[in-house]
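The values are calculated or read from the model by the stated rules, or taken from the named source; none is laboratory data. Given the structure is predicted, the values throughout are model-derived calculations rather than measurements. For neighbour counting, all protein chains shown are included, and Cβ atoms are generated from backbone atoms with ideal geometry for every residue, glycine included.
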Amino acid sequence: AQSVTQLDSHVSVSEGTPVLLRCNYSSSYSPSLFWYVQHPNKGLQLLLKYTSAATLVKGINGFEAEFKKSETSFHLTKPSAHMSDAAEYFCVVSGSGTYKYIFGTGTRLKVLA
Amino acid sequence: DGGITQSPKYLFRKEGQNVTLSCEQNLNHDAMYWYRQDPGQGLRLIYYSQIVNDFQKGDIAEGYSVSREKKESFPLTVTSAQKNPTAFYLCASSILFSAGWVTDTQYFGPGTRLTVL
């Protein structure tokens, strides 16, 4: 069975400072892991995806995430926050070759000027 | 441009009414999905479909129905049996379904916000 925990429901950072959004997962098999971003009243946009090819995954808009099997983590980072990064972020886990997405409860990122 | 469209963007329902949410994709994807999103929760799967004329219940199918008569279309009906339908509804699609070791990426539409009056 798979599960995912986003450790912070809200994160606030100042513009230009680093972003860290934390995600821990549980999976019986080698998982696929995703980060999506959602702006208010919009659909979800894929930021990046881990599929075992490389443990450090680079995504769009300067975001990246590192798969750490020993820590069962897949934290999302960005070196320098921009005002446009303010949104809700979802971590998703899926078992190998399955359709089923298991969503975290989301982390709302606030960027302060 | 390829993508997923959902309509309407906002929908209001009176008690006892059935309403239908539209989802269309021109990505030539085989699989399509409907999710419900409530504040402070992740998305929950309502129904999914791998191929035309076939669909399966997800985790919260009660009070909902779907059809898949065309590859590009997957409408969702919220029936009067759904006791708490106020939510944000998202449609998604993916290329393949359970193919190999890699889970196929799901691409999402812009959503429909349903409010019960």
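Assuming residue A:103 fulfils every condition listed in (1) closer than 24 Å to residue B:60 by Cβ; (2) surrounded by fewer than 18 Cβ atoms within 10 Å (Cβ to Cβ) apart from one, which condition is it?
Tallying (1) closer than 24 Å to residue B:60 by Cβ; (2) surrounded by fewer than 18 Cβ atoms within 10 Å (Cβ to Cβ), residue A:103 fails exactly one: (2).
Listed here are the residues, each with its yes/no results for (1) under 22 Å from residue B:37 (Cβ atoms); (2) more than 14 Å from the chain's Cα centre (by Cα).
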residue	(1), (2)
A:17	no, yes
A:24	yes, no
A:27	no, yes
A:36	yes, no
A:52	no, yes
A:57	no, no
A:66	no, no
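Could you list all residues from the range B:47-75 that are assigned to a strand (DSSP E or B) and within 21 Å of residue B:95 (Cβ to Cβ)?
Answer for the range B:47-75, where residues must be assigned to a strand (DSSP E or B) and within 21 Å of residue B:95 (Cβ to Cβ): B:47, B:48, B:49, B:56, B:66, B:70, B:73.
So for the range B:31-39 (the condition being within 21 Å of residue B:83 (Cα to Cα), within 13 Å of chain A (Cβ to nearest Cβ), outside any loop (DSSP other than H, G, I, E, B) and not aromatic (Phe, Trp, Tyr)), does at least one residue qualify?
Among the residues of the range B:31-39, at least one is within 21 Å of residue B:83 (Cα to Cα), within 13 Å of chain A (Cβ to nearest Cβ), outside any loop (DSSP other than H, G, I, E, B) and not aromatic (Phe, Trp, Tyr), which makes the answer yes.
So, in the range B:85-100, how many residues would count as being β-branched (Val, Ile, Thr) and within 14 Å of chain A (Cβ to nearest Cβ)?
The number of residues fulfilling the criteria is 1.
Any residue that is closer than 26 Å to residue A:108 by Cα and either at pLDDT below 95 or within 13 Å of chain A (Cβ to nearest Cβ) (or both) - is there at least one of those in the range B:63-84?
yes
What's the total number of residues in the range A:17-48 that are within 8 Å of another protein chain (Cβ to nearest Cβ), outside any loop (DSSP other than H, G, I, E, B) and surrounded by fewer than 20 Cβ atoms within 10 Å (Cβ to Cβ)?
Total meeting the criteria: 2.
With the structure loaded, tell me whether residue A:81 is in contact (Cβ under 8 Å) with a residue 24 or more places away in the chain, touching a strand residue (DSSP E or B) at 6+ places or on another chain (Cβ under 9 Å) and either part of a loop (DSSP other than H, G, I, E, B) or of a type in the set (S, T, N, Q) (or both) or whether it fails that test.
Criteria met by residue A:81.
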